[in-house]
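The values are calculated or read from the model by the stated rules, or taken from the named source; none is laboratory data. Since we're looking at a predicted model, the values are computed, not measured. Please note: Cβ atoms are built from the backbone with ideal geometry, for glycine as well, and neighbour counts cover all protein chains shown. Heads up: the accessible areas ignore ligands, DNA and RNA and are worked out on the full protein's heavy atoms, side chains in. Shrake-Rupley method; radii C 1.70, N 1.55, O 1.52, S 1.80 Å.
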Amino acid sequence: MVALVLAYYAVLRSVLRAQPALRRCLTRCGHCGVFFLTDPRNAGRDDLRCPFGCRQAHRRRQSDRRSAAYYRDEAGQEKKRALNAQRRKTPARPSPPPPPVAELPPAWPRPMLPYLRMVTSLLEGRPISLAEVVAMLLRALRQHRMVRARRIDQTVAWLHEEPP
Ligand SMILES: [Zn+2]
């Protein structure tokens, strides 16, 4: 986990060096204190939470609180009954095809994806879809594996030439 954070900060530093204009998007999580880049529209805010879990947790708490308060009163109860009745009547709409997230290794932190999408959109200056981010990641992972395999091949070849 520590290695992951260090690697992340190294990337963040090089991104900021390459694109000093993004420095104003640098923000610190109000919950855990980690640095991250935020959407330019949110630049300067100090009440933001990081996309590595704190934001999701906060949002879940908020929505739990909202729905609890909403259904507590009488009108809410009435509405809930109507909604449930309607839900039984309308068939589930077909959901849009999911991005190829399933192809990513299970160890890959899924909450990072929307964040990566935002950062790559900022870097490339165009809107990038989640599917594109996943495709980029898969490409990078493949490349990484290939480089590693080549390095091992070279080491094996070298050991053949110069046995220890
Ligand atoms: Zn956080």
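Before moving on, here are some points about what is shown:
- Any chance Gln62 is within 16 Å of the ligand (Cβ to nearest atom) and touching a Pro at 6+ places or on another chain (Cβ under 8 Å): no
- Enumeration of residues in the range 14-29 that are touching a Ser or Thr at 6+ places or on another chain (Cβ under 9 Å) and over 12 Å from Val119 (Cβ atoms): Thr27
- Leu83 vs. criteria under 21 Å from the mean Cα position of the chain (by Cα) and either modelled with pLDDT of 80 or more or away from the ligand (no atom under 14 Å from the Cβ) (or both): no
- Any chance Pro127 is open to solvent by 100 Å² or more (accessible area, probe 1.4 Å), at pLDDT 80 or above and assigned to a loop (DSSP other than H, G, I, E, B): yes
- Failed item in (1) farther than 24 Å from Leu138 by Cβ; (2) at pLDDT 85 or above; (3) of a type outside the set (A, V, I, L, M, F, W, C), with Gly76 passing the rest: (2)
- With respect to being charged (D, E, K, R) and surrounded by 13 or more Cβ atoms within 10 Å (Cβ to Cβ), Lys79 fits the description.
- Selection count where residues are open to solvent by 70 Å² or more (accessible area, probe 1.4 Å) and more than 9 Å from the ligand (Cβ to nearest atom), scope the range 43-59: 5
- Ala102 in a helix (DSSP H, G or I) and surrounded by 10 or more Cβ atoms within 10 Å (Cβ to Cβ): no
- Residue, nearest to the chain's Cα centre (by Cα), within the range 23-42, restricted to residues that are more than 13 Å from the ligand (Cβ to nearest atom) and open to solvent by less than 30 Å² (accessible area, probe 1.4 Å): Leu37
- Evaluation of Arg41 against (1) in contact with a strand residue (DSSP E or B) (Cβ under 8 Å, 6 or more places away or on another chain); (2) within 19 Å of Thr120 (Cα to Cα); (3) modelled with pLDDT of 85 or more (one fails), failing number: (1)
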